[in-house]
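Below is one structure, written out as structure tokens; comments come after it.
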Amino acid sequence: MKIKFVALATIVVGALHMAFMQSSLGHGDVQPQAVDTEGLDALPEEFALENPYRLLGGEQYELAVQIGASGYNQNCARCHGLEAISGGIAPDLRMLEDGEFGDEWFMERVRNGYSQNGAYKMPPFEELLSQEAMWAIRSYTETRPK
Ligand code: HEC
């Protein structure tokens, strides 16, 4: 009898916990995802000033675009729009300048995020994504048709 009660209590507490977790996470509040960059050349610790995979070209750039597509969809699309087409709440990343100038601005924002009145409008990704993953995402957004 006592054992049955304990089992029932465990189930009830478990169900309440699940319900609470779901409501507190809300929808659209997607957790940032690490990006698997296997196959891409590893980069030196110091940040590159210009997209190293674009500079390498060929297969490295193609792979970077591919990896960047999933990295983008997991981490950026909810604000910047599916397939890098802005739905309105954040800038359209296809419109960044091409080349080194656009690269620099891209990295500045991705690493540091953007806050206004003490609240993050865009979270910093410095601790979440590797440099390889960030350049892969840049490779993807800069090759989307405008
Ligand atoms: C929670 C929403 C959110 C997420 C997630 C997000 N961003 Fe942003 N991002 C913003 C907002 C809002 C701005 C506009 C900030 C401003 O006014 O400069 C912005 C600005 C930028 C800019 C500067 C654009 C420009 O035209 O000046 C870049 C580059 C950028 N984000 C890249 C990314 C990348 C890459 C990711 C994913 C790794 C990402 N963002 C994830 C909300 C987000």
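Descriptive notes on the structure:
- Residues of the range 46-76 that turn out to be out of contact with any helix residue (DSSP H, G or I) (no Cβ under 8 Å at 6 or more places or on another chain) and either of a type in the set (Asp, Glu) or closer than 16 Å to Phe125 by Cα (or both), as a count: 5
- Of the residues making up the range 56-70, those that are surrounded by fewer than 13 Cβ atoms within 10 Å (Cβ to Cβ) and of a type in the set (A, V, I, L, M, F, W, C) number 0.
- Residue within the range 51-59 that is outside any strand (DSSP E or B), of a type outside the set (A, V, I, L, M, F, W, C), near the ligand (Cβ under 7 Å from one of its atoms) and under 18 Å from the mean Cα position of the chain (by Cα) present: no
- Each residue in the range 88-118 was checked for being part of a strand (DSSP E or B), within 18 Å of Arg78 (Cα to Cα) and more than 6 Å from the ligand (Cβ to nearest atom), and 1 of them qualify.
- Enumeration of residues in the range 74-108 that are surrounded by fewer than 17 Cβ atoms within 10 Å (Cβ to Cβ) and either on the phi > 0 side of the Ramachandran plot or among the basic types (Lys, Arg) (or both): Arg78, Glu83, Gly88, Gly99
Bear in mind these aren't lab numbers, they're just calculated from the coordinates by the rules spelled out. None of these values were measured; they are calculated from a predicted model. Heads up, the Cβs are rebuilt from the backbone with ideal geometry, glycines too, and the neighbour counts pull from every protein chain shown.
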